[in-house]
Amino acid sequence: MKAFLGILLLCAAAMAEVPEQVNVVAEETTAFDYHNKIGIPEAARIKQQEEASEASRIVGGSAAGLGVYPYQAGLVITMSTGGTSVCGASLVTNNRLTTAAHCWWDGRNQARQFVVVLGSTTLFSGDNIRNIALPTNALNQNFAGQWAWASGFGRTSDSAGISNNQFLSHVRLQVITNAVCQQTFGNIVIASTICTSGAGGVGTCGGDSGGPLALDWGGQRILIGITSFGSARGCQVGLPAAFARVTSFTAWIQARL
């Protein structure tokens, strides 16, 4: 089956807003030079694991069953250099996805083409593929203290060892205030950033970029974050993970649906 899917790119922090300081801090996060440091090696690792019927993903979480995250998508990215990288994405309509801006351009590397991988060959057949709602009824919420779910195809540990896990993993994370997050990342955390606690060594990791942070709110699951960056010190060191805050971009997204 063939379908046209548009990809909407969101970022947690715009480098142009605080040029000198943010550029320095950005090099200490996982978003800067993402494809060389994470995406391209992760693509090779995933390919190797899938050929061996094995997979390894998100840190401190567990394997997710088929249909639990029907909005989760994977992106296989062809770089302008010809290499292959990977990111995650979220299906928000039958022909639009959201992902992280650095999956397209990470400060050094430019993507040329995306191939979208969904959980079935037929859109919206059963519950294996289904879009996630935007937070239109929660635009004034900062969600601090709430528990949300992150899912992705990334590493399950900093050592990125190969293990016999399911292809998609998930982890429950508590949203923290931006003030707390700024204690780790400084002014790179801005109003359009949302962060989760890394206490206990849990969170997103390499290869999860662009994927969803979702919350059950008002009787439905809504998309509140797009996986953006973490500390370059590692995924299991107990530091926060940062996401693009979807409520900051909801009007922009809706105008492009």
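Could you tell me whether G201 is out of contact with any strand residue (DSSP E or B) (no Cβ under 9 Å at 6 or more places or on another chain) and touching a residue at least 40 places away in the same chain (Cβ under 8 Å)? Step through it out loud before you land on a result.
Details: out of contact with any strand residue (DSSP E or B) (no Cβ under 9 Å at 6 or more places or on another chain): no; touching a residue at least 40 places away in the same chain (Cβ under 8 Å): yes.
When the stated conditions are applied, G201 does not pass them.
List pairs: first residue in region 229-257 and surrounded by fewer than 22 Cβ atoms within 10 Å (Cβ to Cβ), second residue charged (D, E, K, R) anywhere in the structure, Cβ distance under 6 angstrom, at least six positions apart or on different chains.
Close Cβ pairs (under 6 Å, with a partner that is charged (D, E, K, R)) amount to A232/E28; G234/D158; Q236/D158; L257/R96.
Scanning region 115-135 for residues that are touching a strand residue (DSSP E or B) at 6+ places or on another chain (Cβ under 7 Å) and modelled with pLDDT of 90 or more, which turns out farthest from R245 (Cα to Cα)?
The residue in question is N131.
Here is a check on your reading of the model: is A138 surrounded by 15 or more Cβ atoms within 10 Å (Cβ to Cβ), at pLDDT 90 or above and within 17 Å of the chain's Cα centre (by Cα)? Steps first, please.
Working: surrounded by 15 or more Cβ atoms within 10 Å (Cβ to Cβ): yes; at pLDDT 90 or above: yes; within 17 Å of the chain's Cα centre (by Cα): no.
For A138, the condition - surrounded by 15 or more Cβ atoms within 10 Å (Cβ to Cβ), at pLDDT 90 or above and within 17 Å of the chain's Cα centre (by Cα) - is not met.
Just to be sure, is V92 part of a strand (DSSP E or B), modelled with pLDDT of 90 or more and within 19 Å of the chain's Cα centre (by Cα)? Spell out the reasoning first.
Values: part of a strand (DSSP E or B): yes; modelled with pLDDT of 90 or more: yes; within 19 Å of the chain's Cα centre (by Cα): yes.
It is true that V92 is part of a strand (DSSP E or B), modelled with pLDDT of 90 or more and within 19 Å of the chain's Cα centre (by Cα).
Of all residues in region 141-188 being in contact with a Gly (Cβ under 6 Å, 6 or more places away or on another chain) and either loosely packed, with under 14 Cβ neighbours inside 10 Å or assigned to a loop (DSSP other than H, G, I, E, B) (or both), which is modelled with the highest pLDDT?
The qualifying residue modelled with the highest pLDDT is F153.
So G206 fits all but one of (1) under 16 Å from C87 (Cα atoms); (2) at pLDDT 90 or above; what number is the exception?
(2)
Sort out which residues of region 232-256 are modelled with pLDDT under 90 and either part of a strand (DSSP E or B) or not charged (D, E, K, R) (or both), and write them in order of number. Quick ask: steps written out before the conclusion?
Step one: list which residues in region 232-256 are modelled with pLDDT under 90, which gives 232-236.
A232, G234, C235, Q236 - these are the residues of region 232-256 that are modelled with pLDDT under 90 and either part of a strand (DSSP E or B) or not charged (D, E, K, R) (or both).
If a residue must be more than 24 Å from A138 (Cα to Cα) and among the polar types (S, T, N, Q), how many such residues does region 199-233 contain?
Going through region 199-233, the residues more than 24 Å from A138 (Cα to Cα) turn out to be 199-202, 205-208, 230-233.
Filter once more, so that each one left must be among the polar types (S, T, N, Q): 231.
Count: 1.
List the residue pairs whose Cβ atoms are under 6 Å apart, where the first residue sits in region 137-155 and is in contact (Cβ under 8 Å) with a residue 12 or more places away in the chain, the second is surrounded by fewer than 16 Cβ atoms within 10 Å (Cβ to Cβ) and part of a loop (DSSP other than H, G, I, E, B), and the two are 6 or more positions apart or on different chains.
Final answer for the pair search is N137/G218; A144/T177.
Does region 206-229 hold any residues that are in a loop (DSSP other than H, G, I, E, B) and either at negative phi or charged (D, E, K, R) (or both), and which are they? Step through it out loud before you land on a result.
Just the residues of region 206-229 that are in a loop (DSSP other than H, G, I, E, B), to begin with: 206-211, 218-219.
Listed by number, the residues that qualify are G206, D208, S209, G211.
The values are calculated or read from the model by the stated rules, or taken from the named source; none is laboratory data. It should be emphasised that the depicted structure is a prediction, and the values quoted were computed from it without experimental measurement. Positions of Cβ are backbone-derived with ideal geometry, glycine not excepted, and every protein chain shown enters the neighbour counts.
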